[in-house]
Amino acid sequence: MADKILMNKNALAALKTELKEYNIALPVFEMKEQQLKEVVQSIEHSINRLEKAIEQTNKEIKTWVAVMAEDTVDLSDLIKVDHVNTEKREIAGVGIEAFVDVIFENIEVDLLATPLWVDTAINVVKDQKTNHIILEIEKKNIELLREELTEARRMKNALKEVFIPEAIESIRKIEIYLGDVERLAIGCAKLVKKKKLDKKAVS
């Protein structure tokens with residue numbers, strides 16, 4: 001809003017329209033902020049759970065390290081991601097990716113020629129890889145959502161603390177000014193009328 005305002009009825013009407021629009025926009029941004037805040041908190045909890053699950057699995061597979069070191073089995077050759085399926089979702093106007101599933105390459109494992117622990121290890125490593133993939137997706141999502149949350153909060157605060165108060169104050173000033181002008185005009189008209197009447201009386 002410009003610092004200098006025009007003291008006329010057109011400016012007053014324009015400001016009242018602006019104020020009405022601000023008052024419509026404010027609850028929209030408040031609702032958007034609340035919705036994004038809830039989603040961000042939910043994803044933060046999800047990320048926290050995933051990180052704990054990954055950490056816990058890392059601790060559990062440490063017990064296998066000594067056994068695995070004795071063999072020549074390379075799990076990286078047995079577990080390869082073919083592709084990751086996601087679907088696009090929109091939250092409060094923000095496009096994010098939602099994890100659907102992960103498809104691993106179909107690699108045949110000769111269980112008779114491999115140690116007994118390999119089958120179990122493959123399933124655990126697949127779960128671990130899946131958790132890592134979901135974690136990366138969620139981290140990208142939360143970054144986008146936090147940016148939008150910051151913008152929604154900035155707009156809400158600007159409307160609440162700047163635009164609406166300024167519009168109200170400008171409307172108040174113009175209404176006082178126009179009221180003074182109107183009273184002055186009425187006073188002048190009465191004075192002119194009185195002078196005319198006095199002039200007629202003298203005549």
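Residues that are surrounded by 17 or more Cβ atoms within 10 Å (Cβ to Cβ) and not charged (D, E, K, R) within segment 138-161 comprise N141, I142, L145, L149, A152, M155, L159, listed in sequence order. Looking at this structure, is K20 basic (K, R), modelled with pLDDT of 95 or more and assigned to a helix (DSSP H, G or I)? When the stated conditions are applied, K20 passes them.
Tell me, please, whether a residue that is in a helix (DSSP H, G or I), surrounded by 12 or more Cβ atoms within 10 Å (Cβ to Cβ) and under 17 Å from the mean Cα position of the chain (by Cα) can be found in segment 162-179. No, segment 162-179 contains no residue that is in a helix (DSSP H, G or I), surrounded by 12 or more Cβ atoms within 10 Å (Cβ to Cβ) and under 17 Å from the mean Cα position of the chain (by Cα). Within segment 165-176, residues that are closer than 14 Å to K9 by Cβ reach partners that are surrounded by 13 or more Cβ atoms within 10 Å (Cβ to Cβ) and of a type in the set (G, A, S) with beta carbons closer than 7 Å, at six or more positions or on different chains, in the pairs I174/A11.
Residue count for segment 4-17 satisfying the condition of being under 15 Å from E166 (Cβ atoms) and outside any loop (DSSP other than H, G, I, E, B): 6.
The values are calculated or read from the model by the stated rules, or taken from the named source; none is laboratory data. A quick note: this is a predicted structure, and the numbers were derived from the prediction, not measured. So basically every Cβ, Gly included, is an ideal-geometry build from the backbone, and we count neighbours across all protein chains shown.
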